[in-house]
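The values are calculated or read from the model by the stated rules, or taken from the named source; none is laboratory data. All values reported here derive from a predicted model rather than from experimental measurement. Here the Cβ is made from the backbone with ideal geometry for all residues, glycine too, and neighbour counts use every protein chain on show. Protein only, heavy atoms only, side chains kept; ligands, DNA and RNA dropped before computing areas. Shrake-Rupley method; radii C 1.70, N 1.55, O 1.52, S 1.80 Å.
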Amino acid sequence: MSASKLRWGILGTAQIARKNWKAIQLSGNSTVVAVASRDAERARRFIAECQAQAPMEAVPKAIGSYEELLASESVDAVYIPLPTGLRKEWVLRAAAAHKHIVCEKPCAVSVADLREMLDACRRQQVQFLDGVMFMHSRRLERLREVLDDGKSVGEVRRIASAFSFCAPPEFFRSNIRAHSELEPHGCLGDLGWYCIRLSLWVMNWEMPQKVTGQVLSQFGLGGAAPVATEFSGELLFGGGVSAGFYCSFITENQQWANVGGTRGYVEVPDFVLPFDGKELSFEVQNAVFAASGCDFKVESNLQRITVAEYSHSHATAQETNLFRNFANQVRSGRLNDSWLEMALKTQQVMEACLDSARAQGRSGS
């Protein structure tokens with residue numbers, strides 16, 4: 001392992017890898033040293049384009065196979081943005097090659113597959129983390145303080161969230177997220193994963209007792225089995241606490257979350273991808289209803305809590321924090337097993353939602 005920076009290899013040239021290339025470059029404790037593609041020329045183009053915008057200290061090597069990258073002794077960790085249908089194979093291979101792993105989400109086709117992947121990482125003593133960027137936002141720490149202070153929200157009763165974008169027609173003609181063999185969970189895996197993760201985080205990783213889900217619309221690319229393009233889910237926790245979420249490829253951009261309790265509520269308008277150039281913030285509302293004779297009014301007690309200005313191209317952005325935090329964890333010599341458990345619990349709830357939908361809304365296991 002390099003004495004100064006964690007050395008990354010990227011498996012594939014997916015669009016999201018460009019954003020994370022820059023995050024690695026900004027992290028201060030990591031660098032990309034190799035990019036692999038089945039087509040070495042594609043890897044060279046990817047490197048040239050990324051290097052022009054966010055140059056690494058040394059130009060990364062273009063490699064024509066994933067196997068060759070994993071065999072390289074100059075690579076300490078790998079970022080895997082490959083389609084969900086391919087992730088299990090390459091996580092297992094990366095673990096066997098003793099490479100630490102950041103894996104895009106959803107992590108696997110099934111809970112059983114993810115258990116096998118995580119067991120391999122534990123066995124080979126490599127760190128695993130799923131690519132949920134908002135978990136590394138500075139806003140989350142402040143939000144936890146507010147949820148736990150006992151007065152801003154009180155006891156949590158309801159969690160609601162939505163994450164969607166309105167895909168253009170070409171998305172349904174060519175994008176892998178509409179192809180069930182590559183992305184079998186559709187919008188539930190691509191977008192709902194974040195809503196489920198937020199709900200579990202709010203509940204301090206308590207698992208729901210009952211889960212229901214509904215596919216509201218679906219589409220199949222190239223004659224393949226259809227995937228969900230619009231999905232709603234409901235989670236019921238102990239004590240009657242509930243969480244509902246909505247995700248969609250056919251509804252315009254939204255990514256809001258609301259946590260309501262016995263004394264107020266918290267609202268975050270951009271919990272997944274903070275609005276660029278805006279304040280990293282959220283709102284706390286403790287409205288009071290007042291009645292006096294024929295007069296009725298609701299008095300607002302709105303508090304806006306600002307953490308910082310935000311830019312995705314900054315060293316403190318959540319994407320950069322993820323890779324910085326990961327490198328620091330690896331450097332510590334200790335594995336963070338809680339990151340593995342977070343991924344597994346999210347996968348379990350997502351699968352239960354899908355099972356419920358397939359069973360016409362009956363509760364998932």
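Checking the table Lys88/Lys345; Lys22/Lys99; Lys61/Lys105; Lys61/Lys99 against a 19 Å threshold on Cα-Cα, which pairs fail? With Cα atoms farther than 19 Å apart: Lys22/Lys99; Lys61/Lys105. Treat every Asp and Glu Cβ in the chain as -1 and every Lys and Arg Cβ as +1, leave all other atoms uncharged, and give the resulting dipole magnitude about the Cα centre to the nearest 20 debye. Using only the charged Cβ atoms, the result is roughly 520 debye. Among Pro169, Ser232, His136, flag the residue with its Cα farthest along the positive direction of the charge dipole of the chain, charges on Cβ as +1 for Lys/Arg and -1 for Asp/Glu. Among Pro169, Ser232, His136, the one farthest towards the positive end of the dipole of the chain is His136.
Expressed to the nearest 5 percent, the antiparallel share of DSSP beta bridges inside the chain is 60 percent. On full extension, the segment bounded by Ser65 and Glu283 gains 73.7 nm, given 0.36 nm per residue less the C-alpha separation. Solvent-accessible surface of the chain, taken per residue with a 1.4 Å probe and all protein chains present: 43 Å². Database remark: amide H of Gln218 closer than 5 angstrom to the amide H of Thr229 (H placed geometrically; neighbours at sequence offset of 5 or more, or on other chains; Pro and chain starts carry no H).
Only helical runs count toward this figure. For the chain, summing -39,500 (n - 2.57) over DSSP H runs of n ≥ 4 and dividing by all residues gives -10500 deg cm²/dmol at 222 nm.
With a 1.4 Å probe and every protein chain kept in, tell me what percent of the accessible surface of the chain is carbon plus sulfur. Intermediate values should be presented prior to the final figure.
On the way: 7750 of 15730 Å².
For the chain, the apolar C and S fraction of the accessible surface comes to 49 percent.
Angle check, please: helix 193-202 long axis (alpha carbons) against the longest principal axis of the chain (alpha carbons), in degrees 0 to 90, nearest 10. Orientation of helix 193-202: about 60 degrees from the principal axis.
For the range 55-203, the relative contact order works out to 21 percent when only alpha carbon pairs closer than 8 Å and six or more residues apart are counted.
In summary, the aspartates and glutamates within cross-link reach of Lys151, defined as a Cα separation below 18 angstrom excluding same-chain residues under 8 places away, comprise Glu141, Glu267, Glu283, Glu299. Were the residues from Trp256 through Arg122 laid out at 0.36 nm apart, the gain over their Cα-Cα distance would be 44.8 nm. Could you tell me the center-to-center distance, by alpha carbons, between the range 144-202 and the range 43-101 in angstrom? For the range 144-202 versus the range 43-101, the Cα centre distance is 27 Å.
Take every Cα pair under 8 Å in the chain that's 6+ residues apart, average their separations, divide by the length, and report that relative contact order as a whole percent. Kindly include the intermediate steps, with their values, before the conclusion.
On the way: 794 pairs, mean separation 66.2, N = 365.
Across the chain, relative contact order equals 18 percent.
Along the charge dipole of the chain, which of Met350, Val59, Ala290 sits closest to the positive end, that is, farthest toward it, with unit charges on the beta carbon of Lys, Arg, Asp and Glu (+1, +1, -1, -1)? Ranked along the dipole, the leading option is Val59. Answer with one residue from Gln214, Thr306, Ala96: the one whose Cα lies farthest towards the positive end of the charge dipole of the chain, charges on Cβ with Lys, Arg +1 and Asp, Glu -1. Of the candidates, Ala96 comes out farthest on the positive side.
At q = 0.18, 0.19, 0.27 Å⁻¹, what log₁₀ I(q)/I(0) does the range 73-126 have when each alpha carbon counts as one equal point scatterer in the Debye sum? Debye output, listed in q order: -0.49, -0.55, -1.08.
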